[in-house]
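Scroll down for the structure; my scribbles are underneath it.
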Amino acid sequence: MRPGDSGAVGSGVGGLARLGLATCVAVPGVCLRRAGDIVREFEWVAVHGSGVVLAAGVCVGAAAWLQTHRLLAQHGAESTLPSFLAVAVLVEIGPLLAGLILAGRAGAGLAAEMAAMVQNEEIDARLALGTNVAAGLVAPRAIACMFAVPFLTIVLDAAALGGGFLAESSSGRASAALYWSKSLVFLEPGDVIPATLKTAVFGWLVATSACWTGLNAGRSTQDVGRAAIRGVVLSVVVVFVSNLIMIPFIQALPGVLGGRHFLPG
Amino acid sequence: MARSFPLRKSLLSLVFVSVALGMGGFTLSEIGRRHWRTQPTFALKARFAAVGGLEAGHRVRVQGIDAGVVRRIVAPGQPGAAVEVVMDVDQALRNLVRVDAVARIVSEGLVGARVVEITPGRPDAPALGGNPVIAAESIVAPSDLLNQAGRSLARIDEAATAARKALDQLATVAQAVNRGEGTLGKLIHDQELYNRLNQAAKDGDRALVDLDDNLQALKETWPVSRYFHRRAYLDRERLLYRPGAERSSRSLPAEDLFETGRAVLTPTGRARLDQVASWFKTVARRSSELVVASFTEGDPDPDRAEILTQEQADSVRDYLVTRHGVGSLGWFKSRKVAAVGFGAQAPQVADSSSFEQPPRRVEIIVFTPAREVR
């Protein structure tokens, strides 16, 4: 069996775009009629995913501190490390890592789930009954992922800052109060809020592309595994590319959220 | 395929969302606090000729204390006008910043971030009014510093060249001296000339010693000696230090004798001196000597203090000699009556009892040789 044999959604970039569009259109109705499904998916993505996010955050924060502290200490600039670490984590590493963890976890899970539905002909049955697959299956998952990832990002950011502090308290010289007071000096709300909210886009794209991969899977048992792998790969690529594309848009945002000001006379 | 609403999952999700929102809200409030958005602040302006890369969001310090943030930078409306920097400064530190406070832009740290450092004004300067604007110190650009350093180096180079020329000239002179040229060279190389000069110096020393002896003898010879004894120009401390004589004294506060700061005797002072003269006649023997010593304190000018006390001692001496004849010992002999003003410096040999006496005083001291007392 080859991808697309189920005929649930179109294959190729066109099929992905059509699925994304159908999902967008279905959002209002889904929010009203399938709130329970959204909550179930949210709980699975956010609450069950918080453990891995927490662990990843602590490890990344501590590792970044340990690696950069040595280099900065050689130039007598280790006191600036909390400030730089907070900028790196809250603006870029945290959101991107949260998107990648979602891509790894939900990308594989959703693609495999959809592929299994294709295999046991549940998708065919839904289509035969005239059910909208995008509204019934994809939209609740996309909405749940979209809402879950920003919260996971917040948890990951906090865990990374905490990991940095753990490393500082084990090997560094700064007190907890000094570390915290220096942590957020370089940041503005206008830097942190867009960086956190952009992960909602990651959530939407990961859910949509993973579901599309699964719905285009073949009907063999092996195809379920392959769909999971393809789902992860596609989700990771989508996260990296969309992150790159969004950067200029975020930086072009006017200082409505407390960004930098430079006023003409 | 409707399923029941997942209550437990909803609660779990709600808890997770609440925790995450709490953390996010706390972080945002802390970021706002770092940028002085939540604390009470006041707007402060300073107009700089150039801001050297200062941007909104850079820190403001008052006397080195983190005290605010640059809120915005207003570009000048026309060429040559100043750049206005608007700062939010901690309201609690408003009392520190006076109208004569000065703002300047400095760099800090490895990354060279700019900081506005405000030096508070004088304590007696008025407090800031509404819409305050303080003075701004222009930035010293690195290029200006380099130019300044270059000019300083050039001046050092000029000084070094001049010093080298002077050293060369000195070396030329030294070579000439070594060759025995010129007066100095002859002096150094001519042993006989040196010996003669040495002998002349020794002769001069001996002549001076002889002259001193002769002068001392002249001082002690009548009638010249009377002048020196009267004014105590001989050894002043020796006057009060007589180990071989009995010492009796009367001390009178200067206030009782003179008007303040003068050397004119008051009627009261004359009366006191009359009593002292009576006392003197009871204790004095034929060989007794009389010393009138005057002391003062508190005058910042030591020369003036000495003149005043000398005049006061002279007044007392003249009164005792002319009115009571304390200096008279018959037709051909007179008693030594010395008057000396010590100013504010009491001599080391003064009697220990004088420490308890008033600092402004006149002491009348009678020294009688011990052999006559017995």
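The values are calculated or read from the model by the stated rules, or taken from the named source; none is laboratory data. Owing to the predicted nature of the structure, the values given are computational and were not obtained by experimental measurement. Don't worry about glycine lacking a Cβ; one is built from the backbone with ideal geometry, like all the others, and counts go over all protein chains shown. Remember, those area values only see protein heavy atoms, side chains included, never the ligands or the DNA or RNA. Shrake-Rupley method; radii C 1.70, N 1.55, O 1.52, S 1.80 Å.
The figures follow:
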{"quantity": "Residue count for the stretch B:82-110, restricted to those that are in contact with a Ser or Thr (Cβ under 7 Å, 6 or more places away or on another chain) and either open to solvent by 60 Å² or more (accessible area, probe 1.4 Å) or on the phi > 0 side of the Ramachandran plot (or both)", "calculated": "3"}
{"quantity": "Identity of the residue in the stretch A:36-71, among the aliphatic types (A, V, I, L, M), within 13 Å of chain B (Cβ to nearest Cβ) and touching a Ser or Thr at 6+ places or on another chain (Cβ under 9 Å), that ends up surrounded by the fewest Cβ atoms within 10 Å (Cβ to Cβ)", "calculated": "A:Val47"}
{"quantity": "Any hit, the stretch A:74-95, residues being surrounded by fewer than 21 Cβ atoms within 10 Å (Cβ to Cβ) and among the acidic types (Asp, Glu)", "calculated": "yes"}
{"quantity": "Evaluation of B:Gln275 against (1) within 15 Å of B:Pro253 (Cβ to Cβ); (2) in contact (Cβ under 8 Å) with a residue 12 or more places away in the chain (one fails), failing number", "calculated": "(2)"}
{"quantity": "Residue within the stretch A:87-99 that is part of a helix (DSSP H, G or I) and closer than 24 Å to A:Gly225 by Cβ present", "calculated": "yes"}
{"quantity": "Odd one out for B:Glu84, checked against (1) over 40 Å from the mean Cα position of the chain (by Cα); (2) away from chain A (no Cβ under 14 Å)", "calculated": "(2)"}
{"quantity": "Output for the stretch B:44-72, where each listed residue is in contact with an Asp or Glu (Cβ under 6 Å, 6 or more places away or on another chain) and open to solvent by 50 Å² or more (accessible area, probe 1.4 Å)", "calculated": "B:Arg47, B:Arg61"}
{"quantity": "Helices (runs of 4 or more DSSP H) wholly inside the stretch A:112-225 containing at least 1 residues that are within 14 Å of chain B (Cβ to nearest Cβ), open to solvent by 10 Å² or more (accessible area, probe 1.4 Å) and closer than 19 Å to A:Leu90 by Cα", "calculated": "A:139-171, A:176-183, A:189-197, A:199-215"}
{"quantity": "Failed condition for B:Gln39, given (1) more than 9 Å from chain A (Cβ to nearest Cβ); (2) farther than 30 Å from A:Ala159 by Cα; (3) open to solvent by 40 Å² or more (accessible area, probe 1.4 Å)", "calculated": "(2)"}
{"quantity": "Failed item in (1) over 30 Å from A:Leu161 (Cα atoms); (2) in contact with a Pro (Cβ under 8 Å, 6 or more places away or on another chain); (3) among the hydrophobic types (A, V, I, L, M, F, W, C), with B:Leu7 passing the rest", "calculated": "(2)"}
{"quantity": "Residue that is farthest from the chain's Cα centre (by Cα), among those in the stretch B:5-35 that are polar (S, T, N, Q) and either more than 9 Å from every other protein chain (Cβ to nearest Cβ) or more than 29 Å from B:Arg71 (Cβ to Cβ) (or both)", "calculated": "B:Ser10"}
{"quantity": "Residue match in the stretch B:73-81 (condition: crowded, with 18+ Cβ neighbours inside 10 Å, small (Gly, Ala, Ser) and either touching a helix residue (DSSP H, G or I) at 6+ places or on another chain (Cβ under 9 Å) or within 10 Å of chain A (Cβ to nearest Cβ) (or both))", "calculated": "no"}
{"quantity": "Qualifying position, being under 33 Å from the mean Cα position of the chain (by Cα) and either surrounded by 15 or more Cβ atoms within 10 Å (Cβ to Cβ) or at pLDDT 90 or above (or both), among B:Gln357, B:Gln275", "calculated": "B:Gln357"}
